[in-house]
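What follows draws every value from the coordinates through simple rules; no lab data is involved. Worth saying up front: this structure is predicted, and the values here are computed from it rather than measured. Because the Cβ atoms are built from the backbone with ideal geometry, glycine has one as well, and the counts that use them run over all protein chains shown.
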Amino acid sequence: MRAIQMVDLQSQYQRVKPEIDAAIQEVLDSTKFIKGPQVEEFANQLAAYTGAGYVIPCANGTDALQIAMMALKLKPGDEVITATFTYAATAEVIALLGLTPVLVEVDPNTFCIDPSAVEAAITPKTKAIVPVHLFGQCADMERLLEIAKRNNLYVIEDLAQAIGSVYTFSNGSQKQAGTMGHIGTTSFFPSKNLGCYGDGGAMFTNDIELAQDIKMVANHGQRVQYFHDVIGVNSRLDTLQAAILKVKLKHLDEYCSARQNVAAYYDKALAGHPNYKIPTRDPKSTHVFHQYTLQLCGLNREELKKYLAEKSIPSMIYYPLPLHFQKAFGSENYTTGQFPISEGLCKCVLSLPISTEMDEEQLAYIVSHLKEFAEINSNAEQTGN
Ligand SMILES: Cc1ncc(COP(=O)(O)O)c(C=O)c1O
């Protein structure tokens, strides 16, 4: 059996090696390492794939969030609502810009921001909502967009984990993750569903003026070279990464279905298991399974992780601590039990290996060891929910 990894980038690379190597060689030959033609070509191809009006590449997903908030001219003191159960980058850039992160609860089924919690957190200072499409599934965008419209708020979708995911509105219309709010922000970190071989990111928008402002902020605040209209940043996707992403974008549909097949295997093997709660699939959104995340019931998570590791099965905890318990976000201002769903998830989630090249032998091995551990240990000390 091939070694199991959380993300098997080596096997994925081997499958497309000739295409990737040729694309890299082309950039080396051109020596246009910055602003080579591949950057714009990739942006246009990604816009066509997602249906976004404009795609503006940048250096990483964290920059994308920051540039989005700068382009929307959010000001110190403005409140921005996001989920407490997520990766820190989202709240980090809010705080970094002097804005106030307002953390709220997530939905227990999708793990994405709960629209009712958003609504309850709105104050006269609220300017934006940042839903994170966590683990590969869109947040409840229909309700969030309606709340945003009613309260005159911006919506920045963080789709770093959900590129290619499709959301269906109640009138039957469909849109891709990142194309529904004012701006979508994404990351091309190597392990992402569309990942490059270094750092990369992008912003999506359907609004031409916003697209121009985003471009300006990402380019030192200049529309015309050496004329700086606003304080900006330097955030570029380099040509090598764009060339790699052009190749990988052609395979994104395959990558999504490969992940969905892995998830379907896990689902079938573990559905109804008393100790493993499989991820809920929201009928409104396709799930592109950036992560396959179980909730453990009546099992000791650390013991299970250790047991799996002894069998050479990696696993990860996304995320062990909600943002409201992080020192950086003023944990002293929050109380235990304030966001019980997020706090509970942090205690019981476990993400299994998922990647585009996993085979049935690996999956059967993982599942048999999960079941074996549960059989031996389900009466052991209970943690989680
Ligand atoms: C939800 C989310 N937002 C933002 C980011 C930041 O992306 P990057 O690492 O490219 O800065 C990540 C990366 O892990 C993420 O998962």
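Each residue of segment 321-332 is assigned a 3J(HN,Hα), and the resulting list reads 9, x, 4, 6, 9, 8, 3, 4, 9, x, 4, 5 Hz, derived from the Karplus form 6.51 cos²θ - 1.76 cosθ + 1.60 (θ = phi - 60°), x at Gly and Pro. Computed from backbone phi with θ = phi - 60° and the Karplus coefficients 6.51, -1.76 and 1.60, the 3J(HN,Hα) list for segment 272-278 is x, 5, x, 10, 10, 9, 6 Hz; x is used for glycine and proline.
Sequence-ordered 3J(HN,Hα) estimates for segment 155-166 from the Karplus curve with 6.51, -1.76 and 1.60 and θ = phi - 60° stand at 10, 10, 8, 9, 9, 3, 9, 9, 4, x, 6, 10 Hz, glycine and proline given as x.
Dipole size of segment 309-372 about its Cα centre, with +1 on Lys/Arg Cβ and -1 on Asp/Glu Cβ: approximately 360 debye, rounded to the nearest 20. Along its principal axes, segment 162-269 has C-alpha extents of 59, 38, 20 angstrom, given from the largest down. In segment 95-198, the alpha-carbon atoms span a convex hull of 109 Å³ per residue. Given +1 at the Cβ of Lys and Arg, -1 at the Cβ of Asp and Glu and no other charges, the dipole of the chain around its Cα centre is 280 debye to the nearest 20.
The tail of the calculated P(r) for segment 1-68 beyond 19 Å holds 57 percent of all Cα-Cα pairs. Local charge sum around M358 (other residues, Cβ-Cβ under 10 Å, Lys/Arg +1, Asp/Glu -1)? Neighbour charge sum, excluding M358 itself: -3. Name the residue from L96, I4, P124 whose Cα lies farthest towards the positive end of the charge dipole of the chain, charges +1 on Cβ of Lys and Arg and -1 on Cβ of Asp and Glu. Positive-end residue among those listed: P124. Span-like helix criteria (full DSSP H runs; alpha carbon extent of at least 18 Å along the helix axis; mean Kyte-Doolittle hydropathy of at least -0.5) are satisfied in the chain by 37-50, 252-270, 360-377. Residues whose amide H lies under 5 Å from that of R223, counting only those 5 or more places away or on a different chain, are D229; hydrogens are built 1.01 Å from N in the peptide plane.
How big is Rg to Rh over the chain, alpha-carbon atoms, Rh as the Kirkwood inverse-mean-distance radius? Expressed as Rg/Rh, it is 0.97.
Of all aspartates and glutamates in the structure, those lying under 13 Å Cα to Cα from K277, and not within fewer than 8 positions of it along the same chain, are D267. Under the shape rule built on the C-alpha gyration tensor, where the axes satisfy a ≥ b ≥ c, segment 255-377 is prolate, since a/c reaches at least 1.5 and a/b is greater than b/c.
Mean residue ellipticity, 222 nm, helices only, the chain: the sum of -39500 (n - 2.57) across DSSP H runs of n ≥ 4, divided by residue count and rounded to 500, is -12500 deg cm²/dmol.
Between the amide H of C297 and those of Y276, K277, distances stay under 5 Å, these residues lying 5 or more places away or on another chain, with hydrogens modeled in the peptide plane.
Please state the charge dipole magnitude for segment 102-188, taken about the Cα centre, from unit charges on C-beta atoms (+1 on K and R, -1 on D and E), reported in debye and rounded to the nearest 20. Display every interim value, and only then the final one.
Values: 6 positive and 9 negative charges, 64 e Å.
Using Cβ point charges on Lys, Arg, Asp and Glu, segment 102-188 gives about 300 debye.
Of H228, H287, H133, the residue with the greatest mean-square motion in the GNM of the chain, using alpha carbon springs below 10 Å, is H228.
When the alpha carbon coordinates of segment 305-385 are projected onto the principal axes, the ranges are 48, 34, 19 Å, largest first.
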